[in-house]
């Protein structure tokens, strides 16, 4: 079992699948599943009640997104039966940070910004920009 400050990875019968448990001061919640195979995927489910209407976005806890001890590339959110896919890097760089009373700091990504191709194109553009700077040096 791996631990960060508030997160715990709970083993399952599959060696590469873990349930992600968030331990807060007054409550404990299972926030999703981590599949460490093939670059890693964090999978979670959200309902209409989880939508932050002000920004039309869905949130993930800061500690999960920033933890160097929990490795994954992909984020897959099952939102009302629809698969919303992005990468961890894209989520971090394109989301807005909010902290609500009695909750941990969370990053919220607008529904319009999800998409596997969009995230892959963004990460490819970063790689090509780094390549340009490498040639100059």
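Would you check if there is a residue in the stretch 19-35 being on the phi > 0 side of the Ramachandran plot, surrounded by fewer than 14 Cβ atoms within 10 Å (Cβ to Cβ) and in contact with a helix residue (DSSP H, G or I) (Cβ under 9 Å, 6 or more places away or on another chain)?
No: the stretch 19-35 contains no residue that is on the phi > 0 side of the Ramachandran plot, surrounded by fewer than 14 Cβ atoms within 10 Å (Cβ to Cβ) and in contact with a helix residue (DSSP H, G or I) (Cβ under 9 Å, 6 or more places away or on another chain).
Name the pairs whose Cβ atoms lie under 9 Å apart, with the first residue in the stretch 14-40 and closer than 12 Å to residue 61 by Cα, the second in a loop (DSSP other than H, G, I, E, B) and at pLDDT 90 or above, and 6 or more positions between them or separate chains?
20/70
Looking only at residues that are touching a helix residue (DSSP H, G or I) at 6+ places or on another chain (Cβ under 8 Å) and farther than 26 Å from residue 47 by Cβ in the stretch 94-125, which one is modelled with the lowest pLDDT?
Looking at the filtered set, the residue picked out is 123.
I'm trying to understand the selection: among the residues of the stretch 1-13, which are surrounded by fewer than 16 Cβ atoms within 10 Å (Cβ to Cβ), in contact with a strand residue (DSSP E or B) (Cβ under 7 Å, 6 or more places away or on another chain) and touching a residue at least 24 places away in the same chain (Cβ under 8 Å)?
2, the sole residue that qualifies.
Considering (1) over 23 Å from residue 7 (Cα atoms); (2) in a helix (DSSP H, G or I); (3) modelled with pLDDT of 95 or more, say which one residue 135 fails and leave the rest.
Going through (1) over 23 Å from residue 7 (Cα atoms); (2) in a helix (DSSP H, G or I); (3) modelled with pLDDT of 95 or more one by one, residue 135 breaks only (3).
Being closer than 23 Å to residue 9 by Cα and either within 13 Å of the chain's Cα centre (by Cα) or without any contact (Cβ under 8 Å) to a residue 40 or more places away in the chain (or both) narrows it down to one residue among 48, 63, 123; which is it?
Within the list 48, 63, 123, the selection yields 63.
The values are calculated or read from the model by the stated rules, or taken from the named source; none is laboratory data. Everything numeric here is computed off the predicted structure, so don't read it as measured data. Glycine gets a Cβ as well: all are built from the backbone with ideal geometry, and neighbour counts include every protein chain shown.
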